[in-house]
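This report refers to the structure that appears directly beneath it.
The values are calculated or read from the model by the stated rules, or taken from the named source; none is laboratory data. Keep in mind the model is a prediction, meaning the values are calculated, not measured. Neighbour counts run over all protein chains shown; Cβ positions are idealised from the backbone, glycine included. Side chains included, ligands, DNA and RNA excluded: accessible areas come from the protein's heavy atoms. Shrake-Rupley method; radii C 1.70, N 1.55, O 1.52, S 1.80 Å.
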Amino acid sequence: WFYECSYGMQRSLAEMYLADERFTATYEREVGTGGARFVHDAILANAERADG
């Protein structure tokens with residue numbers, strides 16, 4: 001843990017995976033095609049589950 005990260009902040013961070021095409025391209029080059037979308041969706045699903 002580096003800092004407190006509320007579910008609202010996690011949702012905002014999740015958007016970063018898709019909002020900037022340079023970030024998406026870099027992440028997908030390292031992880032694989034569809035990786036950025038997968039992480040984005042997983043973060044949002046977890047936040048929704050936790051917040052209800």
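Here residue 18 fits the description: open to solvent by 50 Å² or more (accessible area, probe 1.4 Å), in contact with a helix residue (DSSP H, G or I) (Cβ under 6 Å, 6 or more places away or on another chain) and either at pLDDT 90 or above or basic (Lys, Arg) (or both). Residue pairs whose Cβ atoms lie under 9 Å apart, sitting 6 or more positions apart in sequence or on different chains, and linking a residue in region 33-52 that is under 10 Å from residue 18 (Cα atoms) to a partner that is of a type in the set (Asp, Glu), are 36/28; 37/28; 40/15.
Here's the yes/no breakdown for (1) open to solvent by 60 Å² or more (accessible area, probe 1.4 Å); (2) at pLDDT below 95; (3) part of a loop (DSSP other than H, G, I, E, B):
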{"position": "13", "(1), (2), (3)": "yes, yes, no"}
{"position": "22", "(1), (2), (3)": "yes, yes, no"}
{"position": "26", "(1), (2), (3)": "yes, yes, no"}
{"position": "30", "(1), (2), (3)": "yes, yes, no"}
{"position": "37", "(1), (2), (3)": "yes, no, no"}
{"position": "43", "(1), (2), (3)": "no, no, no"}
